[in-house]
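*Asks:* Submitted below is the structure of interest, expressed as structure tokens.
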Amino acid sequence: MEKKEYQTILFQPQGEVLHIYFNRPQVHNAFNATMIAELDEALARANQDKSLRVIVLSGQGKSFCAGADLNWMKEIIHYSFQQNLEESLQLAEVLYKLYDLPKPTVAMVNGTAIGGGTGFISACDIAVASEGAKFGLSEVKIGLVPAAISPYVIRRIGEAKAREYFLTGKRISAVKAREIGLINEVVPKDNLREKVNEIIKLLLSSGPEALASCKLLIQKVPQMSFEEAKNFTAQMIAQLRVSPEGQEGMSAFLEKRKPRWVKKVKSEKFKVNSEE
């Protein structure tokens, strides 16, 4: 993959794993228009590169992502409705690209995640946080709402908890975030990298097409009637069974061997460079 330097993020492919870091530690990785544009491009590249199978999203420094940058907010307070609409649509597009990516995504939450930061976590498939991480959906405190991130946060924690935290804006501890489903696992700070590496290895041991189909299944089936789901799911499993990946996976199982896609998993070590 062609190397490219970004101003606000780090883009670090490592074998089959891509690490994307929010890289504005001086402002707790708060995002601005530049970061949104760079994330958009980075996710498009990740989607197009067939050699990349897992994407890890994290932050440099002590925070994951503190939401919108204050200096950016000083600019947008003077924007027209149309300008605000365009900016908001750009953020919404990036969140959807992350959510819709046909490759597994892991949020490695190394610190505080507020507002949009919580949204990025919610758009990922799996989220692991360090014990000291804090979360918040405090937009109402400044007369706003967690609009662009709401589809992902609500799916993550459910309507009842979304009502509680959207309306009160109260902070959420890492333990509470796990209890309400925002985070999958909470680990001591020193064990965060190790836990993420364990998840990466599990993901790489599964078929890439099967993982993409799983994500599509989870996204589509809840919106279907049982009648619609019967045909959709039957078509999916039938297609996978006759696909090269499905044939290889079933043959490997019957022959009591590893399928071809796991050949590198045993020997690779996945380095996570986030400063904590």
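*Asks:* Go through the range 132-176 and count every residue that is closer than 15 Å to PHE64 by Cα and out of contact with any Ser or Thr (no Cβ under 9 Å at 6 or more places or on another chain).
*Replies:* 1
*Asks:* Of all residues in the range 173-208, count the ones that are over 19 Å from the mean Cα position of the chain (by Cα) and either under 30 Å from GLY249 (Cα atoms) or open to solvent by less than 80 Å² (accessible area, probe 1.4 Å) (or both).
*Replies:* Matching residues across the range 173-208 total 7.
*Asks:* Which ones in the range 223-249 are of a type outside the set (S, T, N, Q), closer than 28 Å to PRO151 by Cα and loosely packed, with under 11 Cβ neighbours inside 10 Å?
*Replies:* PHE226, GLU227, ALA234
*Asks:* Here's a check for you: in the range 1-28, which residue that is charged (D, E, K, R) and buried (at least 16 other Cβ atoms within 10 Å of the Cβ) is nearest to the chain's Cα centre (by Cα)?
*Replies:* Here the residue is GLU16.
*Asks:* Tell me yes or no: at least one residue of the range 263-275 is surrounded by 12 or more Cβ atoms within 10 Å (Cβ to Cβ), at pLDDT below 95 and more than 19 Å from ILE55 (Cα to Cα).
*Replies:* no
*Asks:* Scan the range 1-28 for residues that are among the hydrophobic types (A, V, I, L, M, F, W, C), within 25 Å of SER88 (Cα to Cα) and not in a strand (DSSP E or B) and report the count.
*Replies:* 1
*Asks:* So which residues in the range 29-56 are open to solvent by 50 Å² or more (accessible area, probe 1.4 Å), in a loop (DSSP other than H, G, I, E, B) and out of contact with any helix residue (DSSP H, G or I) (no Cβ under 9 Å at 6 or more places or on another chain), if there are any at all?
*Replies:* SER51 - this is the single residue of the range 29-56 that is open to solvent by 50 Å² or more (accessible area, probe 1.4 Å), in a loop (DSSP other than H, G, I, E, B) and out of contact with any helix residue (DSSP H, G or I) (no Cβ under 9 Å at 6 or more places or on another chain).
*Asks:* Still on this structure, please answer the following. Considering only residues of the range 123-146 that are within 18 Å of ALA92 (Cα to Cα) and in a helix (DSSP H, G or I), which is most open to solvent (accessible area, probe 1.4 Å)? Give the steps one after another, and end with the answer.
*Replies:* Narrowing the range 123-146 to residues within 18 Å of ALA92 (Cα to Cα): 123-125, 137, 139, 144-146.
Those still in the list that are in a helix (DSSP H, G or I) too: 123, 139.
On the way: ALA123: 2, GLU139: 32 Å².
If we take residues in the range 123-146 being within 18 Å of ALA92 (Cα to Cα) and in a helix (DSSP H, G or I), then GLU139 is most open to solvent (accessible area, probe 1.4 Å).
*Asks:* For the range 6-13, does any single residue satisfy the condition of being in contact with a Pro (Cβ under 9 Å, 6 or more places away or on another chain) and either closer than 23 Å to PRO104 by Cβ or of a type in the set (A, V, I, L, M, F, W, C) (or both)?
*Replies:* Initially, the range 6-13 is screened for residues in contact with a Pro (Cβ under 9 Å, 6 or more places away or on another chain), giving none.
The answer is no; no qualifying residue exists.
*Asks:* Inspect all residues belonging to the range 147-170 and state whether any of them is touching a strand residue (DSSP E or B) at 6+ places or on another chain (Cβ under 6 Å), over 29 Å from LEU204 (Cβ atoms) and not in a loop (DSSP other than H, G, I, E, B).
*Replies:* Let us first name the residues in the range 147-170 that are touching a strand residue (DSSP E or B) at 6+ places or on another chain (Cβ under 6 Å), namely none.
Within the range 147-170, not a single residue is touching a strand residue (DSSP E or B) at 6+ places or on another chain (Cβ under 6 Å), over 29 Å from LEU204 (Cβ atoms) and not in a loop (DSSP other than H, G, I, E, B).
*Asks:* A follow-up question, please. For the range 64-94, name all the residues that are of a type in the set (D, E, K, R) and open to solvent by less than 80 Å² (accessible area, probe 1.4 Å).
*Replies:* Answer for the range 64-94, where residues must be of a type in the set (D, E, K, R) and open to solvent by less than 80 Å² (accessible area, probe 1.4 Å): ASP69, GLU87.
*Asks:* Also, quick follow-up: Kindly list, by first and then second residue, each pair from a residue in the range 175-193 that is in contact (Cβ under 8 Å) with a residue 40 or more places away in the chain to a residue that is acidic (Asp, Glu) and in a loop (DSSP other than H, G, I, E, B), limited to pairs with Cβ atoms under 6 Å and residues at least 6 apart or on different chains.
*Replies:* Here the result reads VAL186/GLU131; PRO188/GLU131; LYS189/GLU276, each pair linking the range 175-193 to a residue that is acidic (Asp, Glu) and in a loop (DSSP other than H, G, I, E, B).
*Asks:* Kindly provide the set of residues from the range 212-231 that are assigned to a helix (DSSP H, G or I) and without any contact (Cβ under 8 Å) to a residue 12 or more places away in the chain, ordered by number.
*Replies:* Hits for the range 212-231 are CYS214, ILE218, PRO222, GLN223, PHE226, GLU227, GLU228, ALA229, LYS230, ASN231.
The values are calculated or read from the model by the stated rules, or taken from the named source; none is laboratory data. What you see is a predicted model; the values in this text were computed from it and never measured. Every residue, glycine as well, gets a Cβ built from its backbone with ideal geometry; the counts of neighbours run over all protein chains shown. Keep in mind that these areas ignore ligands, DNA and RNA; they rest on the heavy atoms of the full protein, side chains included. Shrake-Rupley method; radii C 1.70, N 1.55, O 1.52, S 1.80 Å.
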